[in-house]
1. Pull up segment 91-117, narrow it to residues that are open to solvent by less than 20 Å² (accessible area, probe 1.4 Å) and more than 18 Å from the chain's Cα centre (by Cα), then point me to the one that is nearest to MET66 (Cα to Cα).
2. Kindly indicate whether any position in segment 219-227 is assigned to a strand (DSSP E or B), open to solvent by 50 Å² or more (accessible area, probe 1.4 Å), without any contact (Cβ under 8 Å) to a residue 40 or more places away in the chain and charged (D, E, K, R).
3. Yes or no: TYR106 part of a strand (DSSP E or B), among the hydroxyl-bearing types (Ser, Thr, Tyr) and within 27 Å of SER46 (Cβ to Cβ)?
4. Counting just the residues of segment 140-163 that are open to solvent by 40 Å² or more (accessible area, probe 1.4 Å) and part of a loop (DSSP other than H, G, I, E, B), which one comes out farthest from PHE44 (Cα to Cα)?
5. Taking the criterion of being among the polar types (S, T, N, Q) and without any contact (Cβ under 8 Å) to a residue 24 or more places away in the chain, would at least one residue in segment 198-208 satisfy it?
6. Which one of LYS56, LYS31, LYS67, LYS47 is basic (Lys, Arg), more than 30 Å from GLU138 (Cβ to Cβ) and either modelled with pLDDT of 90 or more or open to solvent by less than 30 Å² (accessible area, probe 1.4 Å) (or both)?
7. Can you tell me which residues in segment 136-175 are over 22 Å from ASN53 (Cβ atoms) and among the charged types (D, E, K, R)?
Amino acid sequence: MYLKLTVVGLLLLGWTNLAIVFLLVNVIITKFGKRIFAGFCSNFASKYNDVSNSLKIELFKDLNDMKKGEKISILEIGAGPGTNFKYFDREALVQTVEPNLHFAKYFDENRSKFPKLDIKDIKEGFGEDLSVAGIADESVDAVVMTLVLCSVGDQLKCLEEIKRVLKPGGKFFYMEHIIGDEGSTIRTIHKLLMIGGFWPFMADGCCTDRATDKVMETAGFGNLEQKKYDLPISEDAGIPFKLCGGIVKPHLMGVATK
């Protein structure tokens with residue numbers, strides 16, 4: 001709807017070439033968007049790990065310490081290229097659910113680097129209905145999501161599913177970008193990017209206006225530990241990472257126990 005209005009407006013103003021560019025971008029994103037996003041995101045995730053390394057080590061400390069000496073079961077929702085595998089420093093059976101199977105080749109490349117982990121084939125599915133991917137009730141010790149709650153269709157439904165599949169005492173580990181604080185410039189930018197569904201269309205469903213910290217507080221976990229922080233971005237980072245990293249700078253990480 002918004003695209004049609006934009007194109008009509010450009011044509012009325014006599015900006016035919018710009019209208020054609022808008023239409024071409026729409027066709028490319030609609031037809032090849034998921035494939036393009038998988039390639040871009042795999043590259044972005046590697047750089048994201050570089051700047052978030054110490055934070056991810058901190059986040060996954062409990063995962064690596066739980067049930068010492070046992071082989072635990074981990075479910076990663078929205079595993080993408082599998083860039084979190086390097087932080088699972090223990091014996092574990094790892095299942096993954098991912099809606100975009102164009103990540104598969106990047107996933108397989110990463111999986112081969114960690115023979116200590118029993119990483120199963122990637123399963124197509126969504127966080128809101130893990131039963132479709134065959135994830136049973138109270139079947140996993142830990143659930144992991146990083147940069148995924150921004151794009152699920154229903155956060156609360158996804159969190160209910162996470163509680164369903166976690167064993168009693170199981171833990172949910174998450175790291176997400178969130179909307180900026182009230183009155184901040186970045187919050188205004190986040191809201192502007194959502195007008196007409198622009199950012200979700202360009203970034204495969206990613207939303208910049210989600211207060212995931214507030215949602216987690218109402219999700220009904222037995223215990224919740226979380227903190228907000230700004231994504232550290234190094235001065236020597238490339239322009240694409242600085243641009244995207246700047247947009248998702250307000251961050252949240254935490255551990256929720258069932």
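The values are calculated or read from the model by the stated rules, or taken from the named source; none is laboratory data. Remember, predicted model here, so these are calculated numbers, not experimental data. Glycine gets a Cβ as well: all are built from the backbone with ideal geometry, and neighbour counts include every protein chain shown. What goes into the accessible areas is simple: the full protein's heavy atoms, side chains included, and nothing from ligands, DNA or RNA. Shrake-Rupley method; radii C 1.70, N 1.55, O 1.52, S 1.80 Å.
1. ALA92
2. The answer is yes; a qualifying residue exists.
3. For TYR106, the condition - part of a strand (DSSP E or B), among the hydroxyl-bearing types (Ser, Thr, Tyr) and within 27 Å of SER46 (Cβ to Cβ) - is not met.
4. My answer is ASP154.
5. Taking every residue of segment 198-208 in turn, none turns out to be among the polar types (S, T, N, Q) and without any contact (Cβ under 8 Å) to a residue 24 or more places away in the chain.
6. LYS47
7. Scanning segment 136-175 gives ASP137, GLU138, ASP141, ASP154, LYS157, GLU160, GLU161, LYS163, ARG164, LYS167.
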